[in-house]
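As structure tokens, the structure follows; a few thoughts come after it.
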Amino acid sequence: MTDTRNIAVTVNGARHDVEVETRLTLADCLRHQIGLTGTHVGCEHGVCGACTVLVDGQAVRSCLMLAVQADGAMVTTVEGMADENGQLHPLQQAFHDNHGLQCGFCTPGILMTLLEFLQHNPSPTETEVREALSGNLCRCTGYQGIVSAALDAAGRLRQERNQIDGTNRS
């Protein structure tokens, strides 16, 4: 007999009511029940960071979190970064422009990690970016393009905030 629970989780702004086994991870719920496959499962031990998503604004390893723990939470996945018109988030655009990915397997988790990091540290140093990424493993890039993209994105996001702040003052 399988133990199940009904949960309600808001993912990328859309509410989902799903019945989940109590042992189902959030990563598997997102991928197999909600159909968002951008969250990748690599090590299943929380080491590689590929499964990182934001839960109530905090970066978490979705392979270590049970879906039932996300009941009532707001989850953001890589699919939720672009706007409703499909325009890439400045962080995604910076990855594209700075060749911050190769195979792409680790990229969703890195993007989500950096999304939270840049919200708290809008003007990071290279060392701070590398430290923030220390829990995300990439086997392809050597990280230089990723770090360059993160620093570029920080500048883009600062510029975007300044434009919004200037507009609000007028």
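A few notes on this one:
- A single member of Ser123, Ser134 is of a type outside the set (A, V, I, L, M) and in contact with a helix residue (DSSP H, G or I) (Cβ under 8 Å, 6 or more places away or on another chain), and it is Ser123.
- Matching entry among Ala132, Ala153, Ala149 (being touching a Phe, Trp or Tyr at 6+ places or on another chain (Cβ under 9 Å), surrounded by 12 or more Cβ atoms within 10 Å (Cβ to Cβ) and touching a residue at least 60 places away in the same chain (Cβ under 8 Å)): Ala153
Yes or no, residue by residue, for (1) over 19 Å from Gln58 (Cβ atoms); (2) at pLDDT below 95:
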{"residue": "Gly100", "(1), (2)": "yes, yes"}
{"residue": "Leu114", "(1), (2)": "no, no"}
{"residue": "Phe117", "(1), (2)": "no, no"}
{"residue": "Gly155", "(1), (2)": "yes, no"}
{"residue": "Glu160", "(1), (2)": "yes, yes"}
{"residue": "Arg169", "(1), (2)": "yes, yes"}
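- Which numbered condition Cys138 misses (of (1) surrounded by 20 or more Cβ atoms within 10 Å (Cβ to Cβ); (2) touching a residue at least 40 places away in the same chain (Cβ under 8 Å)): (2)
The values are calculated or read from the model by the stated rules, or taken from the named source; none is laboratory data. As the structure is a computational prediction, the values presented were derived from the model and not from experiment. Cβ sites come from the backbone with ideal geometry, for glycine too, and all protein chains shown count toward neighbours.
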